[in-house]
Structure formats: C-alpha cells, structure tokens
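Before we start, here is the structure in question, set down as structure tokens.
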Amino acid sequence: METLMYALLRVILIALSWLQYLVFASVIISWLDADPRNKIVSTIHAITEPLYRPYRKLLRDVNLGPLDLAPLGLLMTIVFFQIIISRMIGHM
C-alpha cells in the first residue's frame, strides 16, 4: 500500500511540475501577443485560464494596471502543494 501511495504522490508531483511549465508558457505567450488561433497557444490557454479565474476574482480589487497577479498566485499554490507532497514522500 505504501508503494502505491508513493507512486501516486510522485505522479501528482510530476503533474504539478508540468502545470508550472504551462503557467510560465502562458505568461511568456501573453508577453509575446501570440496568435490565439495557434493550436499550442489555445491549448495552453484552455488549461491555464480556468485555473487563473479564482485568483483574478480574489485580486480584482487590487489595481496594478496591466499587471496580472493570477499566474503568480497559481504558482505560489503549486509550490505550496509541491512542498507538502515532497515532505509526505520524505516521511514514507
């Protein structure tokens, strides 16, 4: 049972790492003003935009002009869960 839990936690860590890469790609794409009809760009937006929504709602009263803090909030959450899961793995 412990092996199964270890494997599951490792898979979750890998998924969180991939999500981090997608968030960074989304930020870079927003800076480059890439074509939204591009398949890769639309896929990245389809994955990241729903995850940004709660952070945008939470931060809607914070006016920093064109600066969007939603990716930063999502990255902080991802790192938080990575730390928690890594510590769980370390205690196995």
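Excluding L59 itself, what net charge comes from residues whose Cβ is under 12 Å from its Cβ, given Lys and Arg +1 and Asp and Glu -1?
Details: positive: R53, R56, K57, R60; negative: D61, D68.
So the environment of L59 carries a net charge of +2.
Now, a different point. Give the Kirkwood hydrodynamic radius (Å, one decimal) of the chain, defined as one over the mean of 1/r across all pairs of different Cα atoms.
Hydrodynamic radius (Kirkwood, Cα pairs) of the chain is 14.8 Å.
Run the helix sum for the chain: -39,500 (n - 2.57) per DSSP H stretch of 4+ residues, divided by residue count, reported at 222 nm to the nearest 500 deg cm²/dmol. Could the numbers behind the result be given before it?
Numbers: 3 runs with 72 residues, N = 92.
Per the formula, -27500 deg cm²/dmol.
Going through the DSSP H helices of the chain, which span 27 Å or more along their own axis at the Cα atoms while scoring at least 0.5 as a mean Kyte-Doolittle hydropathy? It would help to have the intermediate numbers written out before the result.
Details: long enough: 2-32 (45 Å, 1.68); 39-58 (30 Å, -0.22); 70-90 (30 Å, 1.78).
Within the chain the helices that satisfy the rule are 2-32, 70-90.
Hey, what did the chain get for relative contact order, percent, Cα under 8 Å, at least 6 apart? Walk me through the numbers on the way to the answer.
Numbers: 41 pairs, mean separation 35.0, N = 92.
This gives 38 percent for the chain.
Taking Cα centroids, how far is the range 71-91 from the range 1-33 in Å?
Centre-to-centre distance over Cα atoms comes out at 10 Å.
Bear in mind that the values in this text are calculations on the coordinates, not laboratory data. Since we're looking at a predicted model, the values are computed, not measured. Every residue, glycine as well, gets a Cβ built from its backbone with ideal geometry; the counts of neighbours run over all protein chains shown.
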